[in-house]
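Data block below; observations after.
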Amino acid sequence: MSEIDYLLPGKREQTKLANRQAILDAARAVFRELGYEVATVRDIIRRTGLSVGAFYNYYRSKEEVFAALSDDAARRFRPILHAEYLKAGDFKSYIRGATRAYFEFLAVESEVWGKEPAPPGESEIYTRNTPEILAVHEEVRAALADVMERGLAPRVDLDYLATACIAIVREVGERMVERRPMDVAAATEFCVTLILGGLAAVPRVET
(Lines give C-alpha, C1' and ligand atoms only; values in the text may rest on other atoms or scores of the structure.)
Protein backbone atom coordinates (compact mmCIF):
# COMPACT_ATOMS: atom_id res chain seq x y z
CA MET A 1 0.00 0.00 0.00
CA SER A 2 1.37 3.39 -0.97
CA GLU A 3 1.82 6.42 1.27
CA ILE A 4 -1.01 8.11 -0.63
CA ASP A 5 -3.38 5.28 0.33
CA TYR A 6 -2.59 5.91 3.98
CA LEU A 7 -3.22 9.65 3.67
CA LEU A 8 -6.50 9.55 1.77
CA PRO A 9 -8.82 8.52 4.65
CA GLY A 10 -7.42 11.33 6.76
CA LYS A 11 -7.97 13.83 3.99
CA ARG A 12 -11.51 12.61 3.47
CA GLU A 13 -12.27 13.00 7.14
CA GLN A 14 -10.82 16.51 7.15
CA THR A 15 -13.00 17.41 4.16
CA LYS A 16 -16.08 16.05 5.93
CA LEU A 17 -15.30 18.02 9.06
CA ALA A 18 -14.67 21.17 7.04
CA ASN A 19 -17.92 20.77 5.09
CA ARG A 20 -19.93 20.09 8.23
CA GLN A 21 -18.44 23.15 9.92
CA ALA A 22 -19.13 25.26 6.84
CA ILE A 23 -22.79 24.24 6.99
CA LEU A 24 -23.06 25.09 10.69
CA ASP A 25 -21.33 28.45 10.20
CA ALA A 26 -23.61 29.25 7.28
CA ALA A 27 -26.70 28.23 9.26
CA ARG A 28 -25.71 30.50 12.15
CA ALA A 29 -25.36 33.43 9.76
CA VAL A 30 -28.59 32.68 7.89
CA PHE A 31 -30.63 32.15 11.06
CA ARG A 32 -29.23 35.39 12.46
CA GLU A 33 -30.12 37.38 9.38
CA LEU A 34 -33.43 35.81 8.36
CA GLY A 35 -34.69 34.06 11.49
CA TYR A 36 -35.15 30.32 11.83
CA GLU A 37 -38.75 30.19 10.62
CA VAL A 38 -38.06 32.14 7.43
CA ALA A 39 -34.70 30.57 6.57
CA THR A 40 -34.61 27.64 4.17
CA VAL A 41 -32.15 24.90 3.35
CA ARG A 42 -31.50 26.67 0.04
CA ASP A 43 -30.46 29.82 1.94
CA ILE A 44 -27.97 27.79 3.95
CA ILE A 45 -26.59 26.00 0.91
CA ARG A 46 -26.02 29.28 -0.95
CA ARG A 47 -23.97 30.56 1.98
CA THR A 48 -21.74 27.45 2.10
CA GLY A 49 -20.76 27.29 -1.55
CA LEU A 50 -21.42 23.54 -1.43
CA SER A 51 -23.65 21.69 -3.86
CA VAL A 52 -27.16 20.61 -2.90
CA GLY A 53 -26.02 17.00 -2.97
CA ALA A 54 -23.09 17.74 -0.68
CA PHE A 55 -25.40 19.38 1.86
CA TYR A 56 -27.73 16.39 1.93
CA ASN A 57 -24.78 14.10 2.56
CA TYR A 58 -24.67 15.66 6.04
CA TYR A 59 -28.15 16.91 6.91
CA ARG A 60 -31.63 16.10 5.64
CA SER A 61 -33.34 19.30 6.75
CA LYS A 62 -32.84 22.62 8.48
CA GLU A 63 -34.25 20.96 11.62
CA GLU A 64 -31.27 18.59 11.62
CA VAL A 65 -28.92 21.56 11.22
CA PHE A 66 -30.70 23.23 14.13
CA ALA A 67 -30.14 20.14 16.30
CA ALA A 68 -26.50 20.02 15.22
CA LEU A 69 -26.06 23.62 16.36
CA SER A 70 -27.46 22.60 19.74
CA ASP A 71 -24.97 19.74 19.94
CA ASP A 72 -22.13 22.02 18.87
CA ALA A 73 -22.96 24.52 21.62
CA ALA A 74 -23.26 21.81 24.28
CA ARG A 75 -19.97 20.25 23.17
CA ARG A 76 -18.21 23.58 23.66
CA PHE A 77 -19.93 24.31 26.97
CA ARG A 78 -19.26 20.97 28.65
CA PRO A 79 -15.54 21.60 29.42
CA ILE A 80 -16.47 25.01 30.84
CA LEU A 81 -18.96 23.31 33.16
CA HIS A 82 -16.40 20.71 34.19
CA ALA A 83 -13.90 23.44 35.03
CA GLU A 84 -16.46 25.01 37.39
CA TYR A 85 -16.82 21.66 39.14
CA LEU A 86 -13.06 21.29 39.55
CA LYS A 87 -12.61 24.68 41.19
CA ALA A 88 -15.74 24.62 43.37
CA GLY A 89 -15.14 24.26 47.11
CA ASP A 90 -18.68 23.30 48.07
CA PHE A 91 -22.21 22.87 46.76
CA LYS A 92 -23.03 26.58 46.81
CA SER A 93 -19.92 27.59 44.90
CA TYR A 94 -20.56 24.87 42.31
CA ILE A 95 -24.15 25.92 41.74
CA ARG A 96 -23.18 29.57 41.52
CA GLY A 97 -20.20 28.97 39.24
CA ALA A 98 -22.01 26.55 36.93
CA THR A 99 -25.08 28.78 36.68
CA ARG A 100 -23.07 31.92 35.97
CA ALA A 101 -20.93 30.09 33.40
CA TYR A 102 -24.03 28.85 31.59
CA PHE A 103 -25.66 32.27 31.50
CA GLU A 104 -22.44 33.91 30.27
CA PHE A 105 -22.13 31.28 27.56
CA LEU A 106 -25.79 31.69 26.63
CA ALA A 107 -25.44 35.47 26.43
CA VAL A 108 -22.57 35.18 23.97
CA GLU A 109 -24.23 32.43 21.95
CA SER A 110 -27.47 34.39 21.70
CA GLU A 111 -25.65 36.67 19.26
CA VAL A 112 -26.50 33.95 16.73
CA TRP A 113 -29.92 35.55 16.66
CA GLY A 114 -28.68 39.10 16.34
CA LYS A 115 -29.13 42.08 18.63
CA GLU A 116 -32.88 41.67 19.03
CA PRO A 117 -34.51 38.97 21.20
CA ALA A 118 -34.97 35.66 19.42
CA PRO A 119 -38.41 34.96 17.97
CA PRO A 120 -40.52 32.62 20.19
CA GLY A 121 -39.01 29.15 20.37
CA GLU A 122 -35.76 29.94 18.61
CA SER A 123 -33.72 30.32 21.80
CA GLU A 124 -34.55 26.65 22.46
CA ILE A 125 -31.57 25.78 20.32
CA TYR A 126 -29.48 25.38 23.47
CA THR A 127 -32.08 23.47 25.50
CA ARG A 128 -33.08 20.58 23.26
CA ASN A 129 -32.27 17.05 24.39
CA THR A 130 -29.58 16.18 21.85
CA PRO A 131 -26.86 13.64 22.76
CA GLU A 132 -24.33 16.32 23.72
CA ILE A 133 -26.88 18.21 25.82
CA LEU A 134 -27.76 14.97 27.61
CA ALA A 135 -24.04 14.54 28.27
CA VAL A 136 -24.03 17.99 29.90
CA HIS A 137 -26.96 16.86 32.07
CA GLU A 138 -24.97 13.81 33.14
CA GLU A 139 -22.02 16.07 33.96
CA VAL A 140 -24.26 18.03 36.34
CA ARG A 141 -25.63 14.88 37.93
CA ALA A 142 -22.15 13.43 38.45
CA ALA A 143 -20.92 16.65 40.04
CA LEU A 144 -23.87 16.78 42.44
CA ALA A 145 -23.36 13.11 43.34
CA ASP A 146 -19.73 13.80 44.14
CA VAL A 147 -20.37 16.80 46.39
CA MET A 148 -22.99 14.80 48.28
CA GLU A 149 -20.61 11.88 48.68
CA ARG A 150 -17.96 14.20 50.12
CA GLY A 151 -20.44 15.67 52.59
CA LEU A 152 -20.44 19.09 50.92
CA ALA A 153 -24.18 19.07 50.21
CA PRO A 154 -27.20 17.63 52.01
CA ARG A 155 -28.25 14.18 50.87
CA VAL A 156 -31.48 14.49 48.93
CA ASP A 157 -32.91 12.63 45.94
CA LEU A 158 -30.08 13.02 43.42
CA ASP A 159 -32.15 12.52 40.27
CA TYR A 160 -34.76 15.04 41.39
CA LEU A 161 -32.13 17.55 42.44
CA ALA A 162 -30.20 17.37 39.16
CA THR A 163 -33.42 17.60 37.15
CA ALA A 164 -34.68 20.56 39.19
CA CYS A 165 -31.39 22.49 38.97
CA ILE A 166 -31.18 21.99 35.21
CA ALA A 167 -34.84 22.93 34.69
CA ILE A 168 -34.60 26.11 36.77
CA VAL A 169 -31.42 27.32 35.09
CA ARG A 170 -32.68 26.36 31.63
CA GLU A 171 -35.98 28.19 31.95
CA VAL A 172 -34.51 31.29 33.58
CA GLY A 173 -31.81 31.33 30.90
CA GLU A 174 -34.43 31.33 28.14
CA ARG A 175 -36.17 34.27 29.75
CA MET A 176 -32.86 36.08 30.32
CA VAL A 177 -31.91 36.04 26.63
CA GLU A 178 -35.28 37.53 25.70
CA ARG A 179 -34.59 40.61 27.84
CA ARG A 180 -32.61 43.67 26.84
CA PRO A 181 -30.24 44.35 28.36
CA MET A 182 -29.43 40.80 29.52
CA ASP A 183 -28.47 40.69 33.18
CA VAL A 184 -26.33 37.61 33.87
CA ALA A 185 -25.64 38.59 37.48
CA ALA A 186 -29.31 39.03 38.37
CA ALA A 187 -30.32 35.79 36.65
CA THR A 188 -27.54 33.92 38.44
CA GLU A 189 -28.47 35.31 41.86
CA PHE A 190 -32.12 34.45 41.33
CA CYS A 191 -31.37 30.83 40.45
CA VAL A 192 -28.84 30.29 43.22
CA THR A 193 -31.16 31.76 45.85
CA LEU A 194 -34.10 29.69 44.60
CA ILE A 195 -32.13 26.43 44.49
CA LEU A 196 -30.46 26.86 47.87
CA GLY A 197 -33.65 28.08 49.51
CA GLY A 198 -35.64 25.18 48.17
CA LEU A 199 -32.96 22.67 49.08
CA ALA A 200 -33.22 23.64 52.74
CA ALA A 201 -36.81 22.34 52.83
CA VAL A 202 -36.31 19.18 50.76
CA PRO A 203 -36.54 15.85 52.65
CA ARG A 204 -33.23 14.11 53.25
CA VAL A 205 -32.63 10.56 52.09
CA GLU A 206 -30.97 7.69 53.92
CA THR A 207 -27.22 7.35 53.39
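Once you sort the root eigenvalues of the Cα gyration tensor of region 133-205 as a ≥ b ≥ c, which label holds: rounded (a/c under 1.5), prolate (a/b larger than b/c) or oblate (the other case)?
Numbers: a/c = 2.51, a/b = 1.69, b/c = 1.48.
It comes out prolate by the Cα gyration axes.
Hey, with R₀ at 41 Å, roughly what FRET efficiency would Arg75 and Arg204 work out to, going by the Cβ-Cβ distance, to 0.05?
On the way: r = 36 Å, r/R0 = 0.87.
It comes to 0.70.
Provide the net charge surrounding Arg155, with neighbours chosen by a C-beta distance below 12 Å and charges set as Lys +1, Arg +1, Asp -1, Glu -1.
Taking every other residue near Arg155 into account, the sum is -1.
What is the chain's relative contact order, in percent, from Cα pairs under 8 angstrom and six or more apart in sequence?
Once divided by the residue count of the chain, the mean separation gives 22 percent.
In deg cm²/dmol and to the nearest 500, what is the mean residue ellipticity at 222 nm of the chain if only DSSP H runs of at least 4 residues count, each as -39500 (n - 2.57), divided by the residue total?
Values: 8 runs with 148 residues, N = 207.
After summing the helix terms and dividing by the residues of the chain, the value is -24500 deg cm²/dmol.
Spin-label point model (7 Å from Cα, Cβ direction): what's the Thr163 to Glu37 distance in nm?
According to this spin-label approximation, the distance is 3.2 nm.
Once neighbouring chains are kept in place and the probe is 1.4 Å, which whole percent of the accessible area of region 7-74 is contributed by carbon and sulfur?
Values: 1960 of 3740 Å².
The value for region 7-74 is 52 percent carbon and sulfur by accessible area.
Kindly state, as a whole number, the per residue volume in cubic angstrom of the convex hull around the alpha carbon atoms of the chain. List each step's numbers first, then the result.
Details: hull volume 31.8 nm³, N = 207.
Hull volume normalised by residue count: 154 Å³.
Per residue, how much accessible area does the chain have with a 1.4 Å probe, in Å²?
Numbers: 11630 Å² over 207 residues.
That works out to 56 Å² per residue.
Just the accessible area for Glu64, please: 1.4 Å probe, Å², rounded to the nearest 10?
50 Å²
Which ³J(HN,Hα) values in Hz, rounded to whole numbers, follow from the phi angles of region 23-33 under the Karplus curve 6.51 cos²θ - 1.76 cosθ + 1.60, where θ = phi - 60° and Gly and Pro get x?
Using θ = phi - 60°, the values come out as 5, 5, 4, 5, 5, 4, 5, 5, 5, 5, 7 Hz.
Can you run phi through the Karplus equation (6.51, -1.76, 1.60; θ = phi - 60°) for region 162-167 and list ³J(HN,Hα) in whole Hz, with x for Gly and Pro?
Result, rounded to whole Hz: 4, 4, 5, 4, 5, 5.
Quickly rank 187-193, 98-104 as a protection proxy: mean count of other C-beta atoms within 10 Å, highest first.
Numbers: 187-193: 18.9, 98-104: 21.3.
Going by the mean number of other Cβ atoms within 10 Å, highest first, we get 98-104, 187-193.
The values are calculated or read from the model by the stated rules, or taken from the named source; none is laboratory data. Please read these numbers as outputs of a predicted model, since none were measured by experiment. Counting neighbours? That spans all protein chains shown, and the Cβs are built from the backbone with ideal geometry, glycine included. In case anyone asks, the SASA skips ligands and DNA or RNA and just uses the protein heavy atoms, side chains included. Shrake-Rupley method; radii C 1.70, N 1.55, O 1.52, S 1.80 Å.
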